[in-house]
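Accompanying notes for the structure given below.
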Amino acid sequence: MTKRVRLVALSAAMLFVCTTSSLMAVVSYEVPTGTVGSQNFGGSLGMDFNVAFTTTITELGVFDSGSNGLSSTITAYIYDRTNTAAPLATLTFSPGDPGTLVGGTRFKTLGAPLVLPKNFQGTIVADGFNGVDLNGNLAVPPWTVNTGNGVLGFVGSSRFGTAGLFPATADGGPVNRYAAGSFVFAGAPDITSGNIPLGGITAAATGSQGGFPVSAAVDGNATPSVGGTGWAGAIPTGDNTPPATAVFEAIGDVKTSSQTQLTFNIISGGFGNHTLGRFRLSVTGDDRSLFADGLANNGDVLANWVELTPASASSSNASTVLTVLGDNSILASGGVANVETYNITAFSSLPTITGFRIELLEDPSFVNNGPGRASNGNWVLLEFQVSHVPVPEPASIMMVLLSGAALLKRRRQAA
(Lines give C-alpha, C1' and ligand atoms only; values in the text may rest on other atoms or scores of the structure.)
Protein backbone atom coordinates (compact mmCIF):
# COMPACT_ATOMS: atom_id res chain seq x y z
CA MET A 1 0.00 0.00 0.00
CA THR A 2 1.29 3.48 -0.85
CA LYS A 3 1.67 5.66 2.21
CA ARG A 4 0.01 9.06 2.06
CA VAL A 5 2.83 11.56 2.49
CA ARG A 6 2.99 15.24 1.60
CA LEU A 7 4.94 18.23 2.87
CA VAL A 8 3.60 20.84 5.27
CA ALA A 9 5.18 23.94 6.73
CA LEU A 10 7.54 23.46 9.68
CA SER A 11 5.57 23.88 12.90
CA ALA A 12 7.01 26.01 15.69
CA ALA A 13 5.76 23.35 18.07
CA MET A 14 8.34 20.87 16.76
CA LEU A 15 11.28 21.44 19.04
CA PHE A 16 13.94 19.09 17.72
CA VAL A 17 16.96 20.24 15.72
CA CYS A 18 17.61 19.01 12.20
CA THR A 19 18.58 20.48 8.86
CA THR A 20 15.33 19.57 7.07
CA SER A 21 12.91 22.50 6.77
CA SER A 22 9.60 20.66 6.28
CA LEU A 23 7.55 17.97 7.97
CA MET A 24 5.65 15.06 6.49
CA ALA A 25 1.88 14.88 6.73
CA VAL A 26 1.25 11.27 7.69
CA VAL A 27 -1.89 9.14 7.95
CA SER A 28 -1.93 7.43 11.35
CA TYR A 29 -4.13 4.42 10.51
CA GLU A 30 -3.85 3.42 6.85
CA VAL A 31 -6.64 1.33 5.30
CA PRO A 32 -6.22 -0.14 1.79
CA THR A 33 -8.58 1.10 -0.92
CA GLY A 34 -11.63 -1.11 -1.34
CA THR A 35 -11.49 -2.65 2.14
CA VAL A 36 -14.97 -3.87 3.11
CA GLY A 37 -16.17 -3.61 6.69
CA SER A 38 -17.09 -6.61 8.80
CA GLN A 39 -19.21 -5.31 11.69
CA ASN A 40 -22.46 -3.41 12.25
CA PHE A 41 -21.83 -1.40 15.41
CA GLY A 42 -23.22 2.09 15.89
CA GLY A 43 -21.43 2.89 19.14
CA SER A 44 -18.05 4.55 19.60
CA LEU A 45 -14.89 2.72 18.54
CA GLY A 46 -11.47 3.93 19.63
CA MET A 47 -7.79 3.11 19.25
CA ASP A 48 -5.15 4.43 21.62
CA PHE A 49 -1.92 6.23 20.75
CA ASN A 50 0.82 8.15 22.56
CA VAL A 51 2.85 11.14 21.39
CA ALA A 52 6.63 10.76 21.59
CA PHE A 53 7.35 14.28 20.37
CA THR A 54 5.15 17.35 19.97
CA THR A 55 3.09 17.13 16.79
CA THR A 56 0.10 18.71 15.07
CA ILE A 57 -3.06 17.00 13.82
CA THR A 58 -4.46 18.69 10.71
CA GLU A 59 -7.17 16.27 9.51
CA LEU A 60 -9.55 13.65 10.89
CA GLY A 61 -10.88 10.69 8.94
CA VAL A 62 -13.44 7.88 9.04
CA PHE A 63 -13.47 4.45 7.43
CA ASP A 64 -15.52 4.10 4.23
CA SER A 65 -16.49 0.44 3.78
CA GLY A 66 -15.87 -0.53 0.16
CA SER A 67 -14.50 2.97 -0.55
CA ASN A 68 -17.79 3.72 -2.35
CA GLY A 69 -19.25 6.59 -0.34
CA LEU A 70 -21.23 7.07 2.87
CA SER A 71 -24.94 6.40 3.34
CA SER A 72 -25.20 8.09 6.75
CA THR A 73 -23.34 10.44 9.06
CA ILE A 74 -20.19 9.18 10.78
CA THR A 75 -18.29 11.29 13.31
CA ALA A 76 -14.59 11.28 14.25
CA TYR A 77 -13.13 12.56 17.54
CA ILE A 78 -9.76 13.00 19.24
CA TYR A 79 -9.82 12.38 23.01
CA ASP A 80 -7.27 12.84 25.78
CA ARG A 81 -7.22 9.47 27.58
CA THR A 82 -6.36 11.15 30.87
CA ASN A 83 -9.40 13.49 30.68
CA THR A 84 -12.24 11.98 28.68
CA ALA A 85 -15.05 14.37 29.57
CA ALA A 86 -15.10 15.99 26.12
CA PRO A 87 -13.24 15.50 22.82
CA LEU A 88 -10.48 17.88 21.82
CA ALA A 89 -11.53 17.82 18.16
CA THR A 90 -14.63 16.64 16.27
CA LEU A 91 -15.57 16.34 12.58
CA THR A 92 -18.68 14.89 10.93
CA PHE A 93 -18.81 13.09 7.58
CA SER A 94 -22.14 12.84 5.72
CA PRO A 95 -23.37 11.57 2.33
CA GLY A 96 -23.54 15.16 1.11
CA ASP A 97 -20.20 16.17 2.59
CA PRO A 98 -18.12 12.99 2.85
CA GLY A 99 -14.62 14.44 2.66
CA THR A 100 -11.77 13.25 0.47
CA LEU A 101 -11.15 9.52 -0.01
CA VAL A 102 -7.54 8.44 0.57
CA GLY A 103 -7.12 4.68 0.55
CA GLY A 104 -10.10 3.31 2.45
CA THR A 105 -10.61 6.40 4.64
CA ARG A 106 -12.32 9.75 4.06
CA PHE A 107 -10.56 12.83 5.45
CA LYS A 108 -11.58 16.42 6.24
CA THR A 109 -9.41 19.31 7.44
CA LEU A 110 -9.82 20.65 10.96
CA GLY A 111 -10.80 24.30 11.25
CA ALA A 112 -7.79 24.83 13.50
CA PRO A 113 -4.87 22.39 13.75
CA LEU A 114 -4.68 20.48 17.03
CA VAL A 115 -1.26 20.60 18.70
CA LEU A 116 -0.50 17.57 20.87
CA PRO A 117 2.40 17.89 23.33
CA LYS A 118 5.09 15.34 24.03
CA ASN A 119 3.79 12.44 26.19
CA PHE A 120 0.16 13.15 25.27
CA GLN A 121 -2.02 10.04 25.63
CA GLY A 122 -4.77 10.05 23.06
CA THR A 123 -7.53 8.00 21.43
CA ILE A 124 -8.93 8.35 17.92
CA VAL A 125 -12.66 7.59 18.05
CA ALA A 126 -15.40 7.21 15.45
CA ASP A 127 -19.11 6.37 15.73
CA GLY A 128 -22.22 6.11 13.55
CA PHE A 129 -21.40 2.96 11.61
CA ASN A 130 -24.37 0.77 10.64
CA GLY A 131 -25.51 -2.13 8.49
CA VAL A 132 -24.52 -0.35 5.28
CA ASP A 133 -21.56 1.65 6.53
CA LEU A 134 -19.83 -1.19 8.34
CA ASN A 135 -16.79 -0.68 10.52
CA GLY A 136 -13.81 -3.01 10.28
CA ASN A 137 -13.15 -5.57 13.01
CA LEU A 138 -10.89 -8.43 11.95
CA ALA A 139 -8.59 -10.85 13.74
CA VAL A 140 -5.87 -10.19 11.14
CA PRO A 141 -6.54 -6.64 9.93
CA PRO A 142 -5.16 -5.41 6.58
CA TRP A 143 -4.82 -1.85 7.90
CA THR A 144 -1.54 -0.63 9.35
CA VAL A 145 -0.24 2.11 11.61
CA ASN A 146 2.33 4.78 10.76
CA THR A 147 4.50 6.32 13.47
CA GLY A 148 5.69 9.23 11.33
CA ASN A 149 9.35 8.30 11.86
CA GLY A 150 8.75 7.78 15.57
CA VAL A 151 6.54 10.76 16.44
CA LEU A 152 3.69 8.49 17.59
CA GLY A 153 3.71 5.31 19.58
CA PHE A 154 0.72 3.02 19.12
CA VAL A 155 -0.39 1.42 22.36
CA GLY A 156 -2.25 -1.27 20.41
CA SER A 157 -5.28 -1.22 22.70
CA SER A 158 -8.74 -0.76 21.19
CA ARG A 159 -11.95 0.19 22.97
CA PHE A 160 -15.72 0.52 22.42
CA GLY A 161 -18.64 2.29 24.06
CA THR A 162 -21.75 4.44 23.61
CA ALA A 163 -22.05 6.76 20.61
CA GLY A 164 -21.16 10.34 21.46
CA LEU A 165 -19.08 9.32 24.48
CA PHE A 166 -15.51 8.20 25.07
CA PRO A 167 -15.38 4.40 24.59
CA ALA A 168 -14.47 3.22 28.07
CA THR A 169 -14.64 -0.54 27.55
CA ALA A 170 -11.35 -2.15 26.54
CA ASP A 171 -11.41 -4.68 23.71
CA GLY A 172 -9.32 -7.74 24.43
CA GLY A 173 -8.78 -8.56 20.76
CA PRO A 174 -5.80 -8.03 18.46
CA VAL A 175 -3.86 -4.77 18.47
CA ASN A 176 -5.22 -1.74 16.57
CA ARG A 177 -8.33 -3.80 15.98
CA TYR A 178 -10.74 -1.45 14.25
CA ALA A 179 -11.07 0.25 10.90
CA ALA A 180 -12.98 3.26 12.20
CA GLY A 181 -11.25 6.60 12.81
CA SER A 182 -7.94 7.99 11.58
CA PHE A 183 -6.06 11.29 11.47
CA VAL A 184 -3.30 13.12 9.64
CA PHE A 185 -0.40 14.43 11.73
CA ALA A 186 3.02 16.01 11.28
CA GLY A 187 5.62 13.27 11.14
CA ALA A 188 9.32 13.77 11.70
CA PRO A 189 11.49 14.50 8.66
CA ASP A 190 14.73 12.70 7.98
CA ILE A 191 17.59 13.97 10.15
CA THR A 192 20.51 14.78 7.88
CA SER A 193 22.73 16.22 10.62
CA GLY A 194 22.59 17.58 14.15
CA ASN A 195 20.91 16.42 17.35
CA ILE A 196 18.90 13.22 17.22
CA PRO A 197 15.76 13.37 19.41
CA LEU A 198 14.89 10.12 21.19
CA GLY A 199 11.41 8.99 22.23
CA GLY A 200 10.77 8.22 25.88
CA ILE A 201 7.42 6.48 25.35
CA THR A 202 9.07 3.87 23.15
CA ALA A 203 12.27 3.43 25.18
CA ALA A 204 12.59 -0.11 26.50
CA ALA A 205 14.86 -1.92 28.95
CA THR A 206 15.47 -5.39 30.27
CA GLY A 207 15.07 -4.01 33.80
CA SER A 208 14.62 -0.77 35.73
CA GLN A 209 14.61 0.21 39.38
CA GLY A 210 11.30 1.48 40.75
CA GLY A 211 11.04 5.23 40.23
CA PHE A 212 13.89 5.23 37.71
CA PRO A 213 12.36 3.97 34.42
CA VAL A 214 14.34 3.85 31.20
CA SER A 215 12.21 6.67 29.73
CA ALA A 216 13.81 9.06 32.24
CA ALA A 217 17.14 8.67 30.42
CA VAL A 218 15.76 10.72 27.51
CA ASP A 219 13.53 13.21 29.33
CA GLY A 220 15.93 16.16 28.97
CA ASN A 221 16.65 16.29 32.71
CA ALA A 222 20.17 15.33 33.80
CA THR A 223 19.83 16.47 37.42
CA PRO A 224 19.95 13.63 39.99
CA SER A 225 16.73 13.50 42.00
CA VAL A 226 15.32 11.05 44.50
CA GLY A 227 11.99 11.73 42.82
CA GLY A 228 13.46 9.91 39.86
CA THR A 229 15.26 11.33 36.91
CA GLY A 230 17.44 8.92 35.04
CA TRP A 231 17.41 5.18 34.47
CA ALA A 232 18.73 2.97 37.28
CA GLY A 233 19.39 -0.72 37.49
CA ALA A 234 17.51 -3.15 39.66
CA ILE A 235 18.41 -2.85 43.34
CA PRO A 236 21.32 -5.23 44.02
CA THR A 237 20.57 -8.38 46.00
CA GLY A 238 23.46 -10.11 47.75
CA ASP A 239 26.49 -9.90 45.51
CA ASN A 240 24.51 -9.67 42.29
CA THR A 241 23.85 -6.47 40.34
CA PRO A 242 22.38 -7.65 37.05
CA PRO A 243 23.60 -6.30 33.71
CA ALA A 244 20.99 -4.41 31.72
CA THR A 245 20.19 -3.27 28.19
CA ALA A 246 18.22 -0.23 27.03
CA VAL A 247 17.09 0.77 23.55
CA PHE A 248 15.84 4.11 22.24
CA GLU A 249 14.01 4.94 19.02
CA ALA A 250 15.11 7.99 17.05
CA ILE A 251 12.40 10.55 16.31
CA GLY A 252 13.13 10.83 12.60
CA ASP A 253 15.27 8.60 10.41
CA VAL A 254 18.98 9.39 10.65
CA LYS A 255 20.14 9.56 7.04
CA THR A 256 23.58 9.56 5.47
CA SER A 257 24.81 8.95 1.93
CA SER A 258 27.78 6.82 2.97
CA GLN A 259 29.05 7.19 6.53
CA THR A 260 28.18 9.31 9.54
CA GLN A 261 30.03 10.29 12.70
CA LEU A 262 27.96 9.74 15.81
CA THR A 263 28.69 11.61 19.02
CA PHE A 264 27.23 10.31 22.28
CA ASN A 265 26.99 12.40 25.45
CA ILE A 266 26.20 9.92 28.21
CA ILE A 267 25.57 11.58 31.58
CA SER A 268 25.55 9.26 34.59
CA GLY A 269 26.04 9.31 38.34
CA GLY A 270 24.56 11.03 41.35
CA PHE A 271 23.56 9.36 44.61
CA GLY A 272 27.22 8.68 45.44
CA ASN A 273 29.20 8.05 42.24
CA HIS A 274 26.56 5.97 40.43
CA THR A 275 28.42 6.36 37.12
CA LEU A 276 28.53 3.77 34.37
CA GLY A 277 31.35 1.25 34.62
CA ARG A 278 31.33 -0.78 31.41
CA PHE A 279 29.03 -0.40 28.43
CA ARG A 280 28.70 -0.98 24.69
CA LEU A 281 26.84 1.01 22.01
CA SER A 282 24.99 -0.23 18.91
CA VAL A 283 22.69 1.08 16.18
CA THR A 284 19.91 -0.41 14.04
CA GLY A 285 18.02 0.46 10.89
CA ASP A 286 15.11 -1.85 11.67
CA ASP A 287 11.49 -0.78 11.40
CA ARG A 288 10.39 0.75 14.71
CA SER A 289 7.56 -1.74 15.07
CA LEU A 290 10.15 -4.48 15.64
CA PHE A 291 11.77 -3.13 18.82
CA ALA A 292 11.37 -0.69 21.72
CA ASP A 293 7.88 -1.36 23.07
CA GLY A 294 8.02 1.19 25.89
CA LEU A 295 8.37 -1.30 28.74
CA ALA A 296 10.79 -0.43 31.55
CA ASN A 297 11.07 -4.09 32.56
CA ASN A 298 11.28 -7.07 30.22
CA GLY A 299 11.03 -4.67 27.30
CA ASP A 300 11.64 -5.59 23.67
CA VAL A 301 15.31 -4.82 23.04
CA LEU A 302 15.78 -7.28 20.16
CA ALA A 303 16.69 -6.00 16.70
CA ASN A 304 19.40 -6.36 14.08
CA TRP A 305 21.95 -4.42 16.09
CA VAL A 306 25.28 -3.32 14.66
CA GLU A 307 27.92 -2.76 17.33
CA LEU A 308 29.86 0.49 17.12
CA THR A 309 33.63 0.57 17.46
CA PRO A 310 34.42 3.74 19.43
CA ALA A 311 36.87 6.09 17.73
CA SER A 312 37.35 8.14 20.90
CA ALA A 313 36.16 8.06 24.50
CA SER A 314 36.67 10.62 27.25
CA SER A 315 35.07 11.79 30.49
CA SER A 316 34.31 15.22 31.90
CA ASN A 317 36.19 14.02 34.99
CA ALA A 318 39.89 14.33 34.12
CA SER A 319 40.92 11.45 36.40
CA THR A 320 38.51 8.97 34.84
CA VAL A 321 40.07 6.75 32.17
CA LEU A 322 37.82 5.27 29.46
CA THR A 323 39.38 2.29 27.66
CA VAL A 324 37.97 0.70 24.50
CA LEU A 325 38.14 -3.09 24.84
CA GLY A 326 38.33 -5.75 22.14
CA ASP A 327 34.57 -6.46 22.25
CA ASN A 328 33.82 -2.77 21.46
CA SER A 329 32.79 -2.10 25.06
CA ILE A 330 34.13 0.84 27.04
CA LEU A 331 35.57 0.35 30.53
CA ALA A 332 35.82 3.16 33.10
CA SER A 333 38.69 3.16 35.60
CA GLY A 334 40.78 5.59 37.66
CA GLY A 335 39.17 8.40 39.61
CA VAL A 336 35.43 8.86 39.83
CA ALA A 337 33.19 11.91 40.24
CA ASN A 338 29.61 12.04 41.51
CA VAL A 339 28.29 12.98 38.04
CA GLU A 340 30.23 12.55 34.80
CA THR A 341 29.60 13.05 31.10
CA TYR A 342 31.16 10.45 28.84
CA ASN A 343 31.83 11.72 25.31
CA ILE A 344 32.02 8.91 22.77
CA THR A 345 32.49 9.16 19.00
CA ALA A 346 31.98 6.34 16.52
CA PHE A 347 31.24 5.89 12.83
CA SER A 348 28.37 4.06 11.15
CA SER A 349 27.81 3.14 7.51
CA LEU A 350 24.11 2.25 7.91
CA PRO A 351 22.18 4.34 5.35
CA THR A 352 19.33 4.77 7.85
CA ILE A 353 19.46 4.62 11.64
CA THR A 354 16.20 4.25 13.54
CA GLY A 355 17.40 3.31 17.02
CA PHE A 356 20.24 3.02 19.52
CA ARG A 357 21.18 0.43 22.11
CA ILE A 358 23.35 0.64 25.23
CA GLU A 359 24.39 -2.54 27.01
CA LEU A 360 25.62 -2.26 30.58
CA LEU A 361 28.08 -5.08 31.18
CA GLU A 362 29.56 -6.65 34.27
CA ASP A 363 33.28 -6.44 34.98
CA PRO A 364 35.36 -7.89 37.84
CA SER A 365 37.01 -4.52 38.49
CA PHE A 366 33.78 -3.22 40.10
CA VAL A 367 32.03 -4.02 43.36
CA ASN A 368 29.62 -6.92 42.71
CA ASN A 369 30.97 -6.89 39.12
CA GLY A 370 29.12 -3.62 38.45
CA PRO A 371 27.97 -2.70 35.86
CA GLY A 372 28.17 0.61 37.77
CA ARG A 373 30.91 2.25 39.83
CA ALA A 374 28.80 2.84 42.95
CA SER A 375 29.74 1.19 46.23
CA ASN A 376 27.16 -1.52 45.55
CA GLY A 377 27.92 -1.86 41.82
CA ASN A 378 24.83 0.04 40.68
CA TRP A 379 24.49 2.99 38.31
CA VAL A 380 22.12 5.74 37.14
CA LEU A 381 22.04 6.82 33.52
CA LEU A 382 20.82 10.41 33.84
CA GLU A 383 20.69 11.33 30.15
CA PHE A 384 21.49 9.62 26.84
CA GLN A 385 22.12 12.09 24.00
CA VAL A 386 23.21 11.54 20.38
CA SER A 387 24.10 13.78 17.44
CA HIS A 388 25.57 13.04 14.04
CA VAL A 389 27.53 14.63 11.21
CA PRO A 390 27.74 12.96 7.78
CA VAL A 391 31.25 12.17 6.61
CA PRO A 392 31.83 13.49 3.05
CA GLU A 393 32.38 10.84 0.41
CA PRO A 394 35.93 10.67 -1.04
CA ALA A 395 34.74 12.19 -4.32
CA SER A 396 33.22 15.12 -2.44
CA ILE A 397 36.43 15.67 -0.52
CA MET A 398 38.41 15.65 -3.78
CA MET A 399 36.07 18.24 -5.30
CA VAL A 400 36.59 20.51 -2.30
CA LEU A 401 40.37 20.15 -2.60
CA LEU A 402 40.30 20.79 -6.36
CA SER A 403 38.08 23.84 -5.91
CA GLY A 404 40.45 25.19 -3.27
CA ALA A 405 43.46 24.62 -5.52
CA ALA A 406 41.76 26.35 -8.46
CA LEU A 407 40.85 29.33 -6.29
CA LEU A 408 44.44 29.61 -5.02
CA LYS A 409 45.76 29.47 -8.60
CA ARG A 410 43.42 32.27 -9.72
CA ARG A 411 44.53 34.45 -6.79
CA ARG A 412 48.20 33.94 -7.69
CA GLN A 413 47.54 34.80 -11.35
CA ALA A 414 45.66 37.93 -10.32
CA ALA A 415 48.61 39.00 -8.16
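Need a quick list: strands (runs of 3 or more DSSP E) entirely within the stretch 65-113 having at least 2 residues that are modelled with pLDDT of 95 or more and within 12 Å of F183 (Cβ to Cβ).
Details: elements: 74-80, 89-93, 100-102.
So the answer is 74-80, 89-93.
May I ask you to list pairs of residues, at least six apart or on different chains, whose Cβ atoms are under 6 Å apart, with the first in the stretch 208-220 being in a strand (DSSP E or B) and the second being aliphatic (A, V, I, L, M)?
So the pair list comes out as Q209/A232; Q209/A234; Q209/I235; F212/A232.
Here is a check on your reading of the model: is R278 among the basic types (K, R), under 15 Å from F356 (Cβ atoms), touching a strand residue (DSSP E or B) at 6+ places or on another chain (Cβ under 8 Å) and open to solvent by 20 Å² or more (accessible area, probe 1.4 Å)?
On the way: among the basic types (K, R): yes; under 15 Å from F356 (Cβ atoms): no; touching a strand residue (DSSP E or B) at 6+ places or on another chain (Cβ under 8 Å): yes; open to solvent by 20 Å² or more (accessible area, probe 1.4 Å): yes.
The answer is no for R278.
For S268, state whether it is within 18 Å of V380 (Cα to Cα), in contact with a strand residue (DSSP E or B) (Cβ under 7 Å, 6 or more places away or on another chain) and part of a strand (DSSP E or B).
Values: within 18 Å of V380 (Cα to Cα): yes; in contact with a strand residue (DSSP E or B) (Cβ under 7 Å, 6 or more places away or on another chain): yes; part of a strand (DSSP E or B): yes.
When the stated conditions are applied, S268 passes them.
Out of T192, T169, T162, which single residue is open to solvent by 10 Å² or more (accessible area, probe 1.4 Å) and in contact with an Asp or Glu (Cβ under 9 Å, 6 or more places away or on another chain)? Spell out the reasoning first.
Working: T192 fails: in contact with an Asp or Glu (Cβ under 9 Å, 6 or more places away or on another chain); T169 fails: in contact with an Asp or Glu (Cβ under 9 Å, 6 or more places away or on another chain).
Just a single option satisfies the conditions, and that option is T162.
Looking at the stretch 134-159 only, could you name the residues that are surrounded by fewer than 17 Cβ atoms within 10 Å (Cβ to Cβ) and in contact with a strand residue (DSSP E or B) (Cβ under 7 Å, 6 or more places away or on another chain)? I'd like the intermediate steps shown before the answer.
Initial filter on the stretch 134-159 (surrounded by fewer than 17 Cβ atoms within 10 Å (Cβ to Cβ)): 138-140, 142, 144, 156.
Once the filter is applied, which keeps residues that are surrounded by fewer than 17 Cβ atoms within 10 Å (Cβ to Cβ) and in contact with a strand residue (DSSP E or B) (Cβ under 7 Å, 6 or more places away or on another chain), the stretch 134-159 yields only T144.
Tell me, yes or no, whether the stretch 253-268 has at least one residue that is in contact with a helix residue (DSSP H, G or I) (Cβ under 6 Å, 6 or more places away or on another chain), closer than 20 Å to N50 by Cβ and open to solvent by less than 30 Å² (accessible area, probe 1.4 Å). Even if it seems obvious, please write down each step before you answer.
Filtering the stretch 253-268 down to residues in contact with a helix residue (DSSP H, G or I) (Cβ under 6 Å, 6 or more places away or on another chain) leaves none.
Looking through the stretch 253-268, none of the residues is in contact with a helix residue (DSSP H, G or I) (Cβ under 6 Å, 6 or more places away or on another chain), closer than 20 Å to N50 by Cβ and open to solvent by less than 30 Å² (accessible area, probe 1.4 Å).
Would you mind finding the one in A222, A216, A180, A244 that is more than 26 Å from F291 (Cβ to Cβ), among the aliphatic types (A, V, I, L, M) and open to solvent by less than 60 Å² (accessible area, probe 1.4 Å)? I'd like the intermediate steps shown before the answer.
Values: A222 fails: more than 26 Å from F291 (Cβ to Cβ); A216 fails: more than 26 Å from F291 (Cβ to Cβ); A244 fails: more than 26 Å from F291 (Cβ to Cβ).
After applying the criteria, what remains is A180.
Take the residues of the stretch 308-318 that are of a type in the set (A, V, I, L, M) and more than 15 Å from L350 (Cβ to Cβ): which is least open to solvent (accessible area, probe 1.4 Å)? Please lay out each step first, then the result.
Within the stretch 308-318, the first condition is being of a type in the set (A, V, I, L, M), and the residues that meet it are 308, 311, 313, 318.
The next check asks that each one be more than 15 Å from L350 (Cβ to Cβ); those that pass are 311, 313, 318.
Working: A311: 66, A313: 29, A318: 103 Å².
This residue is A313.
For the stretch 105-118, enumerate the residues that are of a type outside the set (D, E, K, R) and touching a Gly at 6+ places or on another chain (Cβ under 7 Å). Quick ask: steps written out before the conclusion?
If we filter the stretch 105-118 for residues that are of a type outside the set (D, E, K, R), which is where we start, we get 105, 107, 109-117.
Within the stretch 105-118, T105, F107, L116 qualify.
Starting from residues that are in a loop (DSSP other than H, G, I, E, B), out of contact with any Lys or Arg (no Cβ under 8 Å at 6 or more places or on another chain) and among the hydroxyl-bearing types (S, T, Y), keep the ones in the stretch 144-202 and report whichever is modelled with the lowest pLDDT.
By that ranking, first place goes to S193.
Any residue in the stretch 86-110 that is closer than 16 Å to T35 by Cβ sitting within a Cβ distance under 6 Å of a residue that is among the charged types (D, E, K, R) and open to solvent by 40 Å² or more (accessible area, probe 1.4 Å)? List the pairs, counting only those 6 or more apart or interchain.
Every condition considered, the pairs that remain are V102/R4.
Quick check on my filter: what residues within the stretch 283-307 are surrounded by fewer than 16 Cβ atoms within 10 Å (Cβ to Cβ) and part of a helix (DSSP H, G or I)?
Those that are surrounded by fewer than 16 Cβ atoms within 10 Å (Cβ to Cβ) and part of a helix (DSSP H, G or I): S289, L290.
Restricting the search to the stretch 43-56, which residues are at pLDDT 95 or above and out of contact with any Gly (no Cβ under 9 Å at 6 or more places or on another chain)?
The answer is T56, and nothing else.
Go over the candidates S333, S348 one by one and state the one that is open to solvent by 30 Å² or more (accessible area, probe 1.4 Å), touching a residue at least 24 places away in the same chain (Cβ under 8 Å), at negative phi and not hydrophobic (A, V, I, L, M, F, W, C).
Numbers: S348 fails: open to solvent by 30 Å² or more (accessible area, probe 1.4 Å).
The match here is S333.
Would you confirm whether any residue within the stretch 389-397 is open to solvent by 20 Å² or more (accessible area, probe 1.4 Å), modelled with pLDDT under 50, closer than 30 Å to G194 by Cβ and not polar (S, T, N, Q)?
Step one: list which residues in the stretch 389-397 are open to solvent by 20 Å² or more (accessible area, probe 1.4 Å), which gives 389-397.
Right, trim to modelled with pLDDT under 50 and you get 396-397.
Checking the rest, the ones that are also closer than 30 Å to G194 by Cβ come to 396-397.
With the extra rule that they be not polar (S, T, N, Q), the set shrinks to 397.
Taking every residue of the stretch 389-397 in turn, at least one turns out to be open to solvent by 20 Å² or more (accessible area, probe 1.4 Å), modelled with pLDDT under 50, closer than 30 Å to G194 by Cβ and not polar (S, T, N, Q).
Looking at L60, L70, L88, which is the one that is open to solvent by less than 40 Å² (accessible area, probe 1.4 Å) and within 24 Å of the chain's Cα centre (by Cα)?
Numbers: L70 fails: within 24 Å of the chain's Cα centre (by Cα); L88 fails: open to solvent by less than 40 Å² (accessible area, probe 1.4 Å).
Within the list L60, L70, L88, the selection yields L60.
So in the stretch 111-133, with the set limited to residues that are of a type in the set (A, V, I, L, M) and touching a residue at least 60 places away in the same chain (Cβ under 8 Å), which one is most open to solvent (accessible area, probe 1.4 Å)?
Of the residues in the stretch 111-133, the ones of a type in the set (A, V, I, L, M) are 112, 114-116, 124-126, 132.
Checking the rest, the ones that are also touching a residue at least 60 places away in the same chain (Cβ under 8 Å) come to 115-116, 124-126, 132.
Values: V115: 80, L116: 2, I124: 1, V125: 0, A126: 0, V132: 103 Å².
Applying the filter and picking the extreme gives V132.
The values are calculated or read from the model by the stated rules, or taken from the named source; none is laboratory data. It should be emphasised that the depicted structure is a prediction, and the values quoted were computed from it without experimental measurement. Neighbour counts run over all protein chains shown; Cβ positions are idealised from the backbone, glycine included. Areas reflect the complete protein model, heavy atoms only, side chains present, ligands, DNA and RNA absent. Shrake-Rupley method; radii C 1.70, N 1.55, O 1.52, S 1.80 Å.
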